[in-house]
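Here the structure comes first, spelled out in structure tokens, and everything after it is commentary.
The values are calculated or read from the model by the stated rules, or taken from the named source; none is laboratory data. All values derive from a computational prediction rather than experimental measurement. Reconstructed Cβ throughout: ideal geometry from the backbone, glycine too, with neighbour counts over all protein chains shown.
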Amino acid sequence: MLPGVSAQHSTKPRIAIVGAGNLASALAVALHQAGYAVDQVISRESASAMRKAGRLAGKVGALASAVGKTEIRVDIVWFCVPDAAIASAAASLALAGQWSGKIALHSSGALTSDELAILRKRGAAVASVHPLMTFVQGSRPPLAEVPFAIEGDRRATLQAGKIVKNLGGRAFAIRKQDKAAYHAWGTFASPLLTALLATTEQVSASSGVKGKTARLRMLPILRQTLANYANFGAPGAFSGPIVRGDVDTVKRHLRALRPAPIAQQVYISLARAALAYLPTKNKAALEKALKSLR
């Protein structure tokens, strides 16, 4: 047994994390708390990247090392780097050790396990393992109940499923051809929702309520909307002038939004989505109003 590794750790595969960003940090700490030995945090060679890797390594009892100056000595290597860097990071580590019998994972939502093809050729089983969760600086969300989309080689997906279960997450299989659409779904659920909230703040400012005040005043209705969505689904959570078919109010909204053309276009697009996907009255009249002020 390695020094400092508990008996609980020794029964589980040893893991190296490639990257030290928001996802890597959340995942490494969650793995450590779930009883996995995170032995290595591997990063780019720049001073700033190595400082981040060192801080993360300190939290989980790992060693920080640079790509190109490390030897892979674990059972599983988990790549938590930007999508565009996965293949190049894998290529950089291809000669860093014996890959036969090892497992390589990456956490891109849009890209498939084939990004790790160079390691597959060297004997590793590979998979993509993506948590449907948002990770931002200053926040470390729990992974319990989080869905993880998994695809790849059977040995790697089976091991990934076990890890996700131990993290308290919920693993599900996804086909390679569905990953781009799956990731677009996740983008609607968080980043584009955040863009909508930013747009909402712009509209709020035009009504005289700005900045943090607007955000605080919106929180009660946002929380209730999410609660309604969780309990009743989108149709049951939908309220306001469009569900009532109130054409005059919608026209007033659009006129008020003329000084903010981006917000007006967002309103029109979302209103059209409401007409297509949600229960509404006066659909023809509403569609005409949206077209006339587009």
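Would you mind finding the one in ARG272, ARG244, ARG215, ARG252 that is without any contact (Cβ under 8 Å) to a residue 12 or more places away in the chain and either surrounded by 12 or more Cβ atoms within 10 Å (Cβ to Cβ) or outside the structural domain of SER128 (by TED's automatic domain parsing) (or both)?
On the way: ARG272 fails: without any contact (Cβ under 8 Å) to a residue 12 or more places away in the chain; ARG244 fails: without any contact (Cβ under 8 Å) to a residue 12 or more places away in the chain; ARG215 fails: without any contact (Cβ under 8 Å) to a residue 12 or more places away in the chain.
Going through ARG272, ARG244, ARG215, ARG252 in turn, just one is without any contact (Cβ under 8 Å) to a residue 12 or more places away in the chain and either surrounded by 12 or more Cβ atoms within 10 Å (Cβ to Cβ) or outside the structural domain of SER128 (by TED's automatic domain parsing) (or both): ARG252.
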Are any of the residues in region 220-229 in contact (Cβ under 8 Å) with a residue 40 or more places away in the chain and either under 30 Å from ARG154 (Cβ atoms) or part of a helix (DSSP H, G or I) (or both)? no
What residue, among those in region 88-97 that are surrounded by fewer than 18 Cβ atoms within 10 Å (Cβ to Cβ) and in contact with a helix residue (DSSP H, G or I) (Cβ under 6 Å, 6 or more places away or on another chain), is nearest to ARG122 (Cα to Cα)? ALA94
Checking ARG140 against (1) touching a strand residue (DSSP E or B) at 6+ places or on another chain (Cβ under 9 Å); (2) assigned by TED's automatic domain parsing to the domain that holds ILE76; (3) within 21 Å of HIS106 (Cβ to Cβ): exactly one of these is not met. Which one? (1)
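Filter region 79-116 down to the residues that are part of a helix (DSSP H, G or I) and either in contact (Cβ under 8 Å) with a residue 24 or more places away in the chain or not assigned by TED's automatic domain parsing to the domain that holds GLY68 (or both) and list them by number.
ASP83, ILE86, ALA87, ALA89, ALA90, ALA91, SER92, LEU93, SER113, ASP114, GLU115, LEU116
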